[in-house]
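The values are calculated or read from the model by the stated rules, or taken from the named source; none is laboratory data. If you're wondering where the values come from, they're calculated on a predicted model, not measured in any experiment. All Cβ positions, even for glycine, are placed from backbone atoms using ideal geometry, and neighbour counts span all protein chains on display.
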Amino acid sequence: MKLELTDIEYRRLLDLVYVGNWIMNSVRDNDRITEYDDLESRIFSYCGKAGMPSLAETYEGVCYPSRAFEEGGIHEAIADYEDTVFFDILAEELACRDLDITEVTEEKYEELYDRIDDYLDEFDRYGLDHVIVEE
């Protein structure tokens, strides 16, 4: 297979590959999915040919995203995604708890999503400041 990309498309592909591998492997310690690491390494190995040598570095024959790449804003994008997912999941879990829903049915759908929206509005205004955990 041959894939032709513009420089901008290749640069965006680097972001996508990095984020994808981050999602697949960042929470794994010694149980990493090496196929994703290998593919990331292969994709980043073309940085020099693409005129972007500062975005990759090689250590012991393996190509990695460079510190410059990692500090270039990609982790802010990941953090924004994680924050959004966190609040979405928390809102849904709290709404299901409030309505005693274990399975979303057509009858409970609107009520559930209204409650989720209420929680999301609360989180948008106050973050976690009003969340209380009682023992």
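Filter the stretch 94-113 down to residues that are over 15 Å from LEU128 (Cα atoms) and surrounded by 12 or more Cβ atoms within 10 Å (Cβ to Cβ), then give me how many there are. Write out each step before concluding.
Just the residues of the stretch 94-113 that are over 15 Å from LEU128 (Cα atoms), to begin with: 95-113.
Next cut, surrounded by 12 or more Cβ atoms within 10 Å (Cβ to Cβ) only: 95-96, 98-99, 101, 104, 108, 111-113.
Residues in the stretch 94-113 being over 15 Å from LEU128 (Cα atoms) and surrounded by 12 or more Cβ atoms within 10 Å (Cβ to Cβ): 10 in total.
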- request: Please specify each residue of the stretch 51-75 satisfying the condition of being in a loop (DSSP other than H, G, I, E, B) and crowded, with 16+ Cβ neighbours inside 10 Å.
  value: MET52, SER66
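Within the stretch 3-50, can you find the residues that are among the aromatic types (Phe, Trp, Tyr) and more than 17 Å from ALA68 (Cα to Cα)? Spell out how you get there, then give the answer.
Going residue by residue through the stretch 3-50, those that are among the aromatic types (Phe, Trp, Tyr) are 10, 18, 22, 36, 44, 46.
Within the stretch 3-50, TYR36 is the sole residue that qualifies.
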task: Determine the pairs where a residue that is of a type in the set (Asp, Glu), located within the stretch 119-135, has a partner that is in a helix (DSSP H, G or I) with Cβ atoms under 9 Å apart, the partner being 6 or more residues away or on another chain.
output: GLU122/ALA91; ASP124/PHE87
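So in the stretch 6-50, with the set limited to residues that are charged (D, E, K, R) and assigned to a loop (DSSP other than H, G, I, E, B), which one is surrounded by the fewest Cβ atoms within 10 Å (Cβ to Cβ)?
From the stretch 6-50, those charged (D, E, K, R) are 7, 9, 11-12, 15, 28-29, 31-32, 35, 37-38, 40, 42, 49; that's our starting set.
Going one step further and asking which of them are assigned to a loop (DSSP other than H, G, I, E, B), we end up with 28-29, 31-32, 49.
Values: ARG28: 9, ASP29: 6, ASP31: 8, ARG32: 14, LYS49: 9.
Step by step, filter the stretch 6-50, then rank; the result is ASP29.
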Evaluation of TYR10 against (1) in contact (Cβ under 8 Å) with a residue 40 or more places away in the chain; (2) hydroxyl-bearing (Ser, Thr, Tyr); (3) within 30 Å of ASP114 (Cα to Cα) (one fails), failing number: (3)
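Do we have LEU13 as in the same structural domain as LEU55 (by TED's automatic domain parsing) and closer than 18 Å to PRO53 by Cβ here? I'd like the intermediate steps shown before the answer.
Details: in the same structural domain as LEU55 (by TED's automatic domain parsing): yes; closer than 18 Å to PRO53 by Cβ: yes.
So LEU13 fits the description; yes.
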